[in-house]
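The values are calculated or read from the model by the stated rules, or taken from the named source; none is laboratory data. Nothing here was measured: the structure is a model prediction, and the numbers come from that model. Glycine also receives a Cβ, built like all others from the backbone with ideal geometry; neighbour counts cover every protein chain displayed.
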Amino acid sequence: MSRPDVLPATGRHLDGDDAAKWASLAARDEAADGRFVYAVRTTGIYCRPSCAARPARRENVSFHATCAEAEEAGFRPCKRCRPNAPSLAVRRAEAVARACRLIDESETVPGLGVLAEATGLSAFHFHRVFKAVTGVTPKAYAAARRAEALASGLGRSPSVTQAIYEAGYASPSRFYADATDRLGMAPNIYRRGGEGVAIRFGIGQCALGAILVAATAKGLCAILLGDDPEILVRDLEDRFPKAELFGGDPDFEAWMAQVVGFVACPSRGLDLPLDIGGTAFQQRVWDALRRIPIGTTATYAEIARAIGAPAATRAVARACGANPIAVAIPCHRVVRSDGALSGYRWGVARKRDLLTREGVAP
């Protein structure tokens, strides 16, 4: 069996960079597209790393940083993978962007066939590409956008019914079927800025400084960390400006003690219900974060791939930054691709401390 870092015909060892490129060719890795192209001496053709063409013999392959470099060496572009055209990832992103604009600009939600035709893809292929790029189906994206439009319109329209129609719902019954899940509360309550929603909260000290724990009837809605308890209270008030805030009762104090204990010793786990708001995309990211095992880390790119949206690394980072529930939704376990700590809403020092407590040496 030949070694992957040795050319079989010559016995010459590949350097580390060429070995990595060979691995990309073997895997037909789309992530390597745009980083280099490879040319085949026997055919005079150069290709993307992900090209589905029959693999060439190693001794006949050369690597080039750009298409221009390959063409200067006398090679012509492959007609199958079109290395001198926009990459497949770029073409997919552009197609999805066209579909998103069509959804956003239409008064009613376009059907799958209409969206696919607008992008030049079959309905089946379009559905698969859309989910791969955005992390959600076209139907889920359209539903989320309508919910956002409704949330905005509820504060301006004279009635809930008018806001429902203006947001693109065909009838009030279609909206009310899932209104509470979409808004996090009944639409008339949402329209009043959350007025009447009861939130219990408590403030204490934990291993990382001051901590505020808050919960609705559904579960924990905020775990905030900081140095100044008054600032934490103002943060909670800004999040829920018209909610009714109450000091925690004895049952709630037991919840708070469990959270404080979890911060000090993460291996205990935290078996409490959560009341998670956020957009559909944020919820997908936060769900992925909760699946990162204690004592391990993941990169933003790995989380993006885990939710089926490999191109959404920056959006994943923004979702981590918007996480309102510290520790229980462990955004502190997400690091940069080089393993270094990146920003953390409650301070990089706390992020380092949390990882150290979990047995990770940042």
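Within region 285-312, track down each residue that is assigned to a loop (DSSP other than H, G, I, E, B) and of a type in the set (Val, Ile, Thr).
Ile292, Ile294, Thr296, Thr297, Ile307, listed by residue number.
Would it be correct to say that Ser106 is small (Gly, Ala, Ser) and in contact (Cβ under 8 Å) with a residue 60 or more places away in the chain?
On the way: small (Gly, Ala, Ser): yes; in contact (Cβ under 8 Å) with a residue 60 or more places away in the chain: yes.
Yes.
Against the conditions (1) exposed (fewer than 15 other Cβ atoms within 10 Å of the Cβ); (2) over 35 Å from the mean Cα position of the chain (by Cα); (3) under 27 Å from Arg92 (Cα atoms), where does Ala73 fall short? Just the number, please.
(3)
Which pairs do you get when a residue that is under 18 Å from Ala31 (Cβ atoms) and modelled with pLDDT of 90 or more, found in region 47-76, comes within reach of a residue that is assigned to a loop (DSSP other than H, G, I, E, B) and hydroxyl-bearing (Ser, Thr, Tyr), reach meaning Cβ atoms under 9 angstrom, with the pair 6+ apart or on two chains?
Within 9 Å, the pairs are Arg48/Ser87.
Taking region 52-88 on its own, how many of its residues are outside any loop (DSSP other than H, G, I, E, B) and not acidic (Asp, Glu)? Write out each step before concluding.
As a first pass, look at region 52-88 and keep what is outside any loop (DSSP other than H, G, I, E, B): 58-64, 67-72, 76-77, 88.
Cutting the leftovers down to not acidic (Asp, Glu) gives us 58, 60-64, 67-68, 70, 76-77, 88.
The qualifying residues number 12.
Look through region 326-362, keep the residues that are at positive phi and not β-branched (Val, Ile, Thr), and return whichever of them is modelled with the lowest pLDDT.
At the first step, the residues of region 326-362 found to be at positive phi are 327, 339, 347, 359.
Applying the additional criterion that residues be not β-branched (Val, Ile, Thr) yields 339, 347, 359.
On the way: Gly339: 79, Gly347: 86, Gly359: 82.
Within region 326-362, the match that is modelled with the lowest pLDDT is Gly339.
For region 336-357, indicate whether the set of residues that are of a type outside the set (Ser, Thr, Tyr), crowded, with 17+ Cβ neighbours inside 10 Å and farther than 18 Å from Cys206 by Cβ is non-empty.
no
Of all residues in region 319-328, how many are surrounded by 14 or more Cβ atoms within 10 Å (Cβ to Cβ) and within 14 Å of the chain's Cα centre (by Cα)?
Total meeting the criteria: 4.
Read through the list (1) assigned to a loop (DSSP other than H, G, I, E, B); (2) without any contact (Cβ under 8 Å) to a residue 40 or more places away in the chain, then give the number of the only condition that Ala23 fails.
The number of the failed condition is (1).
Tell me which of these Arg91 doesn't satisfy, since it passes every other one: (1) within 22 Å of Gly308 (Cα to Cα); (2) assigned to a loop (DSSP other than H, G, I, E, B).
Only one criterion is unmet by Arg91, namely (2).
Which condition number in (1) surrounded by fewer than 18 Cβ atoms within 10 Å (Cβ to Cβ); (2) over 23 Å from Gln258 (Cα atoms); (3) polar (S, T, N, Q) is the one that Thr296 fails?
Failed condition: (2).
Conditions tested, residue by residue: (1) crowded, with 16+ Cβ neighbours inside 10 Å; (2) part of a strand (DSSP E or B); (3) polar (S, T, N, Q).
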site	(1), (2), (3)
Val213	yes, yes, no
Lys218	no, no, no
Glu237	no, no, no
Ala257	no, no, no
Val260	yes, no, no
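Would you tally the residues in region 104-121 being touching a helix residue (DSSP H, G or I) at 6+ places or on another chain (Cβ under 6 Å) and hydroxyl-bearing (Ser, Thr, Tyr)?
Matching residues across region 104-121 total 1.
So if I check each of Ala116, Ala123, which one is over 23 Å from the mean Cα position of the chain (by Cα), buried (at least 19 other Cβ atoms within 10 Å of the Cβ) and of a type in the set (A, V, I, L, M)?
Being over 23 Å from the mean Cα position of the chain (by Cα), buried (at least 19 other Cβ atoms within 10 Å of the Cβ) and of a type in the set (A, V, I, L, M) holds for just one of Ala116, Ala123, which is Ala116.
Kindly evaluate Arg318 against the criterion of being under 26 Å from Ala217 (Cα atoms), among the basic types (Lys, Arg) and modelled with pLDDT of 80 or more. Let's see the steps before the verdict.
Working: under 26 Å from Ala217 (Cα atoms): no; among the basic types (Lys, Arg): yes; modelled with pLDDT of 80 or more: yes.
No: the conditions fail for Arg318.
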